[in-house]
1. For T193, project a label point 7 Å along Cα to C-beta. Then give me every residue of segment 116-150 with its amide nitrogen under 17 Å of that point.
2. Pairs of alpha-carbon atoms within less than 8 angstrom and 6+ residues apart define the contacts here; what relative contact order does segment 226-288 have, in percent?
3. If each of R273 and I114 carries a label point 7 Å out from its Cα toward its Cβ, how far apart are those two points in nm?
4. Tell me whether segment 60-303 comes out rounded, prolate or oblate; compute the Cα gyration tensor, take square roots of the eigenvalues as a ≥ b ≥ c, and use a/c under 1.5 as the rounded threshold.
5. So if each residue of separation counts as 0.36 nm, and I subtract the Cα-Cα distance between E310 and S160, what length gain in nm does that give?
6. Pick out, in residue order, every one of the chymotrypsin sites (Phe, Trp or Tyr not before Pro) in segment 113-188 that is DSSP loop and has at most 14 other C-beta atoms within 10 Å; say none if there are none.
7. Please work out the Cα center distance from segment 270-314 to segment 236-262, rounded to the nearest Å.
8. From the residues C134, S85, T74, which one has its Cα farthest along the dipole of segment 71-137 in the positive direction, the dipole being from +1 and -1 charges on Cβ of Lys/Arg and Asp/Glu about the Cα centre?
Amino acid sequence: MLVRTRRGWELPESAATPEALVVGRRKGLGLIGGGLTAGLGLLRNAPASAQGAAAPGDPRFDPGRATTPERNATTYNNYYEFGDSKDVVSAARKLKMSPWSIRFEGMVAQPREIGLEDLLKQVRMEERVLRHRCVETWAMTVPWTGFPLSEFVRLAQPSSGAKYLVLETAQQPDVMPGLRQIWYSWPYIEGCTLAEAQNELGFVATGMYGKPLPPQNGGPIRVLFPWKYGFKSGKSVVKVTFTDKRPVSFWEQLQSSEYGFWANVNPAVPHPRWSQATERLLGNNERVPTRIFNGYGEFVADLYKGLEGERLYT
């Protein structure tokens, strides 16, 4: 059953640019991934508002920041397993997304692997419109379909000593040419604290724009930390490990002076090679001010109290 709850940190439906003006009318939330028919009924009862945007000029839909046109959000992607350019759509189409499973390991009640179809039957599906901010200073606003990241914690049943989640993404050497680049430390690893994973803003996406999550955007399943720089949001997740040791993430291993563990968005802390004070919106290339915690500070700032000695930003 699709449960749709409105929270203060969500962008309003008004953020949606009428898709009829871009790529055609949005369809109801139907398929979550190719071949995943068993879990698909979870999304078929999407609200009417998810099936099409209101006519332009409706005063209820004064967005503040428009939803990024689908064609931009799905064709401008960082996915280094498929190459180091932004144009990885053709290469990513070769990703084998079905069948797909997630393995829970480490400090959990019982290590196990669960198929994505079965997982989707056990979680509460939602649609959220969220901002996404890349450390490279480009940004987008996307309607995602998925479930709270805290559901991973609930399903895994970690032991009381677990403090962190380690998120590992897929490796398919036959279709991922980037894995041959030996200067990268594969697999792609990201991590967060248990408290961050249980925060209501953390999200696991299985769809976007009312459609299955495409491979170049991390399909069939990815994580989202909307208050952090985008490299923290691992794509095509295959394993979640619970541990009492803080993980060293993929980019942190390569260059810890530029890519830290926390990676919270902060306009006042520049990247060593560029300013983070503004960001470029995909779709119109407008430059707008960057907001602390990407605008979600009200909901996540308390997670970092008492960490004054930590380097919380990249």
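1. Counting only backbone N, you get 150.
2. Details: 43 pairs, mean separation 15.0, N = 63.
Dividing the mean separation by the residue count of segment 226-288 yields 24 percent.
3. About 4.0 nm, to one decimal.
4. Values: a/c = 1.29, a/b = 1.22, b/c = 1.06.
Rounded, since a/c falls under 1.5.
5. Values: separation 150, 0.36 × 150 = 54.00 nm, distance 2.38 nm.
Once the chain is fully extended between E310 and S160, it gains 51.6 nm.
6. Hits after loop and neighbour filter: W183.
7. 19 Å
8. Working it through, the farthest residue towards the positive pole turns out to be T74.
Any read-out appearing in this document is the output of simple, stated calculations on the displayed coordinates, not a laboratory observation. On a predicted model such as this, the values are computed, not experimentally measured, just so you know. Methodologically, a virtual Cβ is constructed for each residue, glycine included, from the backbone with ideal geometry; neighbour enumeration extends over all protein chains shown.
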